[in-house]
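The values are calculated or read from the model by the stated rules, or taken from the named source; none is laboratory data. Here the structure is a predicted model, which is why all the values come from computation and not from measurement. In this analysis, Cβ positions are derived from the backbone assuming ideal geometry, glycine residues included, and neighbour counts consider all displayed protein chains.
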Amino acid sequence: MKRILALGLSVAMFGCGASKGTVEDFRAGVPTADAVAINVPAAGDALKATPGQEAFKTGTAPQALQGDLSAMYALTRGVTLVVNGGTLAVLGILKAVTDQTPSSFDGSTAVWGPYVGGPLDPITWKLTVVKDGDTYSYTLEGKDKHAQDDTYVTVLSGSHTPAFDASGVAEKNFGSGSFLLDWDAAQRLPEHDQNVGTAAFTYSRPNATDPASIDVAFRGTRKLDGSGTTDADYHYAATPGQGGEFTFATVADVDHDLNQVTEDLSIKSRWDEGGEGRSDVKASGGDLVTPATVNECWNENFQSTFLAESFNADAGYGVESTDCAFTTADYPGA
């Protein structure tokens with residue numbers, strides 16, 4: 001999920017629409033990485049040093065000790081970094097390309113490319129964006145640079161409606177829309193990474209003060225530990241100055257028994273603006289006779305303050321009513 005493309009892209013745009021746009025309008029008509037970023041309070045270098053960092057590789061978290069960096073915080077932060085990584089490369093390329101002068105432009109259609117980054121780059125890229133009112137649809141395609149034009153494959157497609165400031169100017173880092181990253185298509189190109197499957201993003205970030213939301217559906221993508229493929233769904237919502245929440249649902253062999261049967265695993269993490277937070281985890285189905293739950297809270301320094309496990313009463317510590325910023329459990333889908 002971390003990246004999908006190698007170096008350099010190009011853009012082609014086609015479309016129709018009653019209203020004409022400027023080149024700057026089209027530059028604001030594709031999403032930026034900031035528009036779809038999932039922001040969780042950061043623990044800095046401490047996250048790198050904790051065993052909890054291994055959590056996002058396995059989909060489970062080791063038990064933290066009271067006062068240690070929270071394992072569930074590390075899992076939440078680690079998974080959000082993975083999700084963000086799936087967009088950074090391609091959306092960064094969109095910005096780099098649209099910063100250039102279009103190859104053609106008529107107010108409804110703008111074209112950058114076809115483009116090859118350099119003589120040693122094996123891929124020709126093309127991006128197509130269509131203006132329809134305030135909404136811009138776009139398609140990013142690639143092919144072997146020696147192949148015919150009918151061999152282009154689409155690796156990114158979507159639509160974006162930018163937000164506008166008080167004077168009616170589109171704001172690059174705000175808006176709403178959706179897009180699909182197709183790593184299976186990228187596998188057909190002569191240069192690609194190991195990502196497979198698809199990721200469908202739906203997002204809304206209207207401005208710097210209103211709530212933002214991002215939903216991602218991964219289908220047929222590699223598991224976090226690299227062993228095979230799976231589906232996973234993510235939901236993020238945050239209000240600047242108030243905190244946010246992140247939920248994660250997938251299947252995993254959480255009990256690691258000999259049968260290797262997978263269970264339904266869901267995690268919901270919440271945090272306030274100061275960084276204090278809580279994760280509530282539920283596993284059900286598979287070999288589990290009854291659902292298993294884990295609850296952990298952390299303070300503003302991301303240190304574990306409360307832990308409870310339904311399957312191991314002796315493992316817990318802390319007092320939920322006083323050691324948690326959020327004092328009641330809240331499981332995804334509940």
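Looking at G117, G86 in this structure, which one is closer than 25 Å to D34 by Cα and either part of a helix (DSSP H, G or I) or touching a Cys at 6+ places or on another chain (Cβ under 7 Å) (or both)?
After applying the criteria, what remains is G86.
Of the residues D231, D193, only one is assigned to a strand (DSSP E or B) and within 20 Å of the chain's Cα centre (by Cα); which?
D231
Tell me which residues, restricted to segment 140-168, are among the β-branched types (V, I, T), under 28 Å from the mean Cα position of the chain (by Cα) and surrounded by fewer than 20 Cβ atoms within 10 Å (Cβ to Cβ).
V153, T154, T161
Sort out which residues of segment 208-225 are touching a helix residue (DSSP H, G or I) at 6+ places or on another chain (Cβ under 8 Å) and outside any strand (DSSP E or B), and write them in order of number.
Hits for segment 208-225 are L224, D225.
Quick test for you: out of T247, T198, T262, pick the one residue that is in contact (Cβ under 8 Å) with a residue 24 or more places away in the chain, surrounded by 14 or more Cβ atoms within 10 Å (Cβ to Cβ) and under 14 Å from the mean Cα position of the chain (by Cα).
T247
Can you tell me which of G286, G275 is over 27 Å from the mean Cα position of the chain (by Cα), buried (at least 16 other Cβ atoms within 10 Å of the Cβ) and at positive phi?
G286
Only one residue in V129, V97 is under 26 Å from G168 (Cβ atoms) and buried (at least 23 other Cβ atoms within 10 Å of the Cβ), so which one is that?
Matching residue, one of V129, V97: V129.
From the set of residues in segment 289-301 that are part of a loop (DSSP other than H, G, I, E, B) and modelled with pLDDT of 90 or more, which is surrounded by the most Cβ atoms within 10 Å (Cβ to Cβ)?
N299
Taking R205 as meeting all but one of (1) touching a helix residue (DSSP H, G or I) at 6+ places or on another chain (Cβ under 9 Å); (2) of a type outside the set (S, T, N, Q); (3) closer than 16 Å to T76 by Cα, write down the number of the exception.
Single failed check for R205: (3).
Which one of these does S304 not meet: (1) outside any loop (DSSP other than H, G, I, E, B); (2) under 25 Å from the mean Cα position of the chain (by Cα); (3) in contact (Cβ under 8 Å) with a residue 40 or more places away in the chain?
(2)
I'm checking my understanding of the structure. Among residues of segment 190-208 that are of a type in the set (D, E, K, R) and modelled with pLDDT under 95, which one is nearest to T32 (Cα to Cα)?
D193
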